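Notes follow the structure.
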Amino acid sequence: MLRKNNIRKTNIVSHDRIVLSLPAFIFVATITNFVLFHFPLFSLASDSLIFWSYSGFFSYVTLAVLVLVFTAVSLYLISFISIYLAKAFCLLSVAINAVALYFMMTYQVMLDKTMVSNILNTNIEESIDFAHPKLIVYLLFLAVIPSYLLLRTKVTKLHRGKLILQASAVLMLGVLWIYSASSTWLWFDENAKKLGGRILPWSYVIGLTRLYSEASEEQEIQTLLPLAHFISDQDVDQKRIVVLVIGETARSDNFSLYDYTKNTNPLLEKQDVIALQNAYACTTYTSASLKCILSHTDDDGVFSTNYEVLPSYLRRHDVDVIWRTNNWGEPPVTVTSYTHASDLRKTCKGPGCPYDEALLYGLVERIESSDKRNILVILHQKGSHGPAYNKRYPAEFRQFLPECDTVDLQKCSQQALVNAYDNSILYTDYFLNRTINILKNMSSASTMMMYVSDHGESLGEYNLYLHGTPYSVAPDVQKKIPFLLWMSDTFIDSQNISPEKLKQRSSHTQYNVFHSIMGAFDMRSDIYKEDLNLFQ
Ligand SMILES: [Zn+2]
């Protein structure tokens, strides 16, 4: 009797509830999230896309595929841990999404890392100022009703193997679609930040994660390298100045110094510049490549030690380290002065100031005012960062024509895209030439300039664009980089360098930078590797 009653009770409860299989639940949750919360995303897309054009329509569909696949796969992954966790995640995100959508619609904000950090730093009184009765309408229709339905939904379990299989199938379809839509990548890359900040709930989930990982990275202590000593007399008057220029997205194939058919290095070809042969980047994206350039070891696995980087190591040994950047992505550094180009632009005047040349503004005065014998200047360029290559140089460098002046690939021929890229290399040629001339004018010092790019770029070869392709499958154009040296006669003599031998060296990596610059300052320590020093 008792047993019968219990069974009846269970049936009534399940009749009362919405019962969904796990795939059906994920499908409904994904579609609901997509429909309810993505008006700002598509409204933003409509600013730069024409719906009835082929490329516009294709980009819209790809954007929808991206949001749907990402949401579905994430829900599959959370469900893999627990269905209850997936439901809790949906409940929480539907509530935050409703508030987020209210703010996005009312204040035209996007929820990127900066905005999440602003919100976390806002106190309650300030938050109340933002509220409006309209917020209650948003909460009722977009949070309370969906949450009520969600709470009444019973989700049936799915075998974990099937769950992984389904998630992989969804992911595969998504990847296939995105690969076939490569002509839309430039538009996506150009708008990535703005689009990402409007995809709910992932904009704030990722924003929050990035905020925490940056905070923990800042707290992460770099293991100090062993103390170094100098093998030459440090009490002499002659200054030693090394300038390390870190390029952006420059590939050696498009440098005439590396036998490119177009003359993209007209100025450097007149200087005594050595183009080191077969230089390869260690990754295909900025932040990881920067770490390679500044590290003493290629032991860069996930669990490896976080070692002190070159600028901090030299700074600790009384070298005046001047970091100037028109870019981002470097690991935490301790230097004598760190200046962003945007600060230099406040007083910089002239046609070059909006571009990389801002990095050279006031540099001579800064070096001359230094009371240190050893000076390292690191200039981090914006270089050839795409897809808007044409925004990297002043009008007078528009020499290879016609050039692509839009990020909508459909409107540009590949030749026009390459022309714009080549013009940016032409500007880097001019920038490096100016840097060398600055050093030439400091004739009483021993000077050297080293230029190395962070990674290369795809310009439509194999239907690939930009960079960041996984290293094992990335084409050579994304990995093969220019690595240039200019040395004053004093520097050549003091280091006993044979330029001819340098020209004959057969292969190079970004790990040559650390040990060569240590060598240039006559520094030695237990971690110094002579075979990686170019000047030995
Ligand atoms: Zn880069």
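Okay, residues lined up against (1) touching a residue at least 60 places away in the same chain (Cβ under 8 Å); (2) closer than 19 Å to Ile438 by Cα; (3) among the β-branched types (Val, Ile, Thr):
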site	(1), (2), (3)
His317	yes, no, no
Asp320	no, yes, no
Trp323	no, yes, no
Asn327	yes, no, no
His340	no, no, no
Thr347	no, no, yes
Cys353	no, yes, no
Ala358	no, yes, no
Gly362	no, yes, no
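Listed conditions (1) closer than 25 Å to Lys372 by Cα; (2) touching a helix residue (DSSP H, G or I) at 6+ places or on another chain (Cβ under 7 Å) are all met by Ile481, apart from (1).
Quick one: which residue in Leu163, Leu158, Leu200 is closer than 22 Å to Leu41 by Cα and open to solvent by less than 50 Å² (accessible area, probe 1.4 Å)?
Values: Leu163 fails: closer than 22 Å to Leu41 by Cα; Leu158 fails: closer than 22 Å to Leu41 by Cα.
On inspection, the qualifying residue turns out to be Leu200.
Within segment 363-379, identify whether any single residue is open to solvent by 20 Å² or more (accessible area, probe 1.4 Å), touching a strand residue (DSSP E or B) at 6+ places or on another chain (Cβ under 6 Å) and part of a loop (DSSP other than H, G, I, E, B), and answer yes or no. Yes, there is a match, as at least one residue in segment 363-379 is open to solvent by 20 Å² or more (accessible area, probe 1.4 Å), touching a strand residue (DSSP E or B) at 6+ places or on another chain (Cβ under 6 Å) and part of a loop (DSSP other than H, G, I, E, B). Might you check whether a residue that is within 16 Å of the ligand (Cβ to nearest atom), among the aliphatic types (A, V, I, L, M) and not in a loop (DSSP other than H, G, I, E, B) occurs anywhere in segment 231-243? No. If you go through segment 252-269 and keep only what is open to solvent by less than 60 Å² (accessible area, probe 1.4 Å) and not in a loop (DSSP other than H, G, I, E, B), you end up with Ser252, Asn254, Ser256, Leu257, Tyr258, Leu268. Test Gln415 against the criterion of being within 16 Å of the ligand (Cβ to nearest atom) and not basic (Lys, Arg), and give yes or no. Criteria not met by Gln415.
Against the list (1) free of Cβ contacts under 8 Å to residues at least 24 places away in the same chain; (2) under 24 Å from Gly352 (Cα atoms), the condition Thr435 fails is (1).
Hey, any hits in segment 454-468 for a residue that's in a loop (DSSP other than H, G, I, E, B), open to solvent by 30 Å² or more (accessible area, probe 1.4 Å) and modelled with pLDDT under 95?
Pass one, segment 454-468, residues in a loop (DSSP other than H, G, I, E, B): 454-457, 460, 464, 467-468.
Within this subset, residues satisfying the condition of being open to solvent by 30 Å² or more (accessible area, probe 1.4 Å) are 467-468.
Next, from what is left, pick out any that are modelled with pLDDT under 95: 467-468.
So far as segment 454-468 goes, yes, one or more of its residues are in a loop (DSSP other than H, G, I, E, B), open to solvent by 30 Å² or more (accessible area, probe 1.4 Å) and modelled with pLDDT under 95.
From the list Thr428, Thr435, pick out the single residue that is closer than 25 Å to Val364 by Cβ, touching a Gly at 6+ places or on another chain (Cβ under 7 Å) and hydroxyl-bearing (Ser, Thr, Tyr). From the options Thr428, Thr435, the qualifying one is Thr428.
Is one or more of the residues making up segment 496-507 surrounded by 18 or more Cβ atoms within 10 Å (Cβ to Cβ), of a type in the set (Val, Ile, Thr) and touching a helix residue (DSSP H, G or I) at 6+ places or on another chain (Cβ under 7 Å)? Within segment 496-507, none of the residues are surrounded by 18 or more Cβ atoms within 10 Å (Cβ to Cβ), of a type in the set (Val, Ile, Thr) and touching a helix residue (DSSP H, G or I) at 6+ places or on another chain (Cβ under 7 Å). Considering Leu173, Leu225, the condition of being away from the ligand (no atom under 16 Å from the Cβ), part of a loop (DSSP other than H, G, I, E, B) and modelled with pLDDT of 90 or more is satisfied by Leu225 alone. The residues in segment 126-185 that are under 20 Å from Ile83 (Cα atoms) and in contact (Cβ under 8 Å) with a residue 60 or more places away in the chain can be counted, and the count is 18. Only one of the numbered conditions (1) open to solvent by less than 20 Å² (accessible area, probe 1.4 Å); (2) without any contact (Cβ under 8 Å) to a residue 24 or more places away in the chain is not met by Phe514, and that is (2). Pairing each residue of segment 365-390 that is within 16 Å of the ligand (Cβ to nearest atom) with any residue that is in a helix (DSSP H, G or I) and open to solvent by 30 Å² or more (accessible area, probe 1.4 Å), provided the two are 6+ apart or on different chains, yields C-beta distances under 7 Å for Pro387/Asp189; Pro387/Glu190; Ala388/Glu190.
Screening Ile425 on (1) more than 16 Å from the ligand (Cβ to nearest atom); (2) modelled with pLDDT of 95 or more; (3) β-branched (Val, Ile, Thr) shows it passes everything except condition (1).
Every residue, every condition in (1) modelled with pLDDT of 50 or more; (2) more than 16 Å from Met104 (Cβ to Cβ); (3) open to solvent by less than 50 Å² (accessible area, probe 1.4 Å), yes or no:
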{"site": "Asn6", "(1), (2), (3)": "no, yes, no"}
{"site": "Thr10", "(1), (2), (3)": "no, yes, no"}
{"site": "Val13", "(1), (2), (3)": "no, yes, no"}
{"site": "Arg17", "(1), (2), (3)": "yes, yes, no"}
{"site": "Phe25", "(1), (2), (3)": "yes, yes, yes"}
{"site": "Pro40", "(1), (2), (3)": "yes, no, yes"}
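If you check Gly519, Gly460, which single one turns out to be away from the ligand (no atom under 16 Å from the Cβ) and within 23 Å of His296 (Cβ to Cβ)? Steps first, answer last, please.
Values: Gly460 fails: within 23 Å of His296 (Cβ to Cβ).
Result: Gly519 is the single residue among Gly519, Gly460 that is away from the ligand (no atom under 16 Å from the Cβ) and within 23 Å of His296 (Cβ to Cβ).
Just a yes or no: is a residue in segment 477-485 surrounded by fewer than 19 Cβ atoms within 10 Å (Cβ to Cβ) and either part of a loop (DSSP other than H, G, I, E, B) or among the basic types (Lys, Arg) (or both)? No, because not a single residue in segment 477-485 is surrounded by fewer than 19 Cβ atoms within 10 Å (Cβ to Cβ) and either part of a loop (DSSP other than H, G, I, E, B) or among the basic types (Lys, Arg) (or both). Considered as a group, the residues in segment 434-453 that are of a type in the set (S, T, N, Q) and open to solvent by 20 Å² or more (accessible area, probe 1.4 Å) include one that is nearest to the ligand (Cβ to nearest atom), and that residue is Asn437.
The values are calculated or read from the model by the stated rules, or taken from the named source; none is laboratory data. Because the structure is a prediction, the values reported are computed rather than measured. No Cβ is skipped: glycine too gets one built from the backbone with ideal geometry, and neighbour counts run over all protein chains shown. Note: accessible area is taken over every heavy atom of the protein model, side chains too, but ligands, DNA and RNA are not part of it. Shrake-Rupley method; radii C 1.70, N 1.55, O 1.52, S 1.80 Å.
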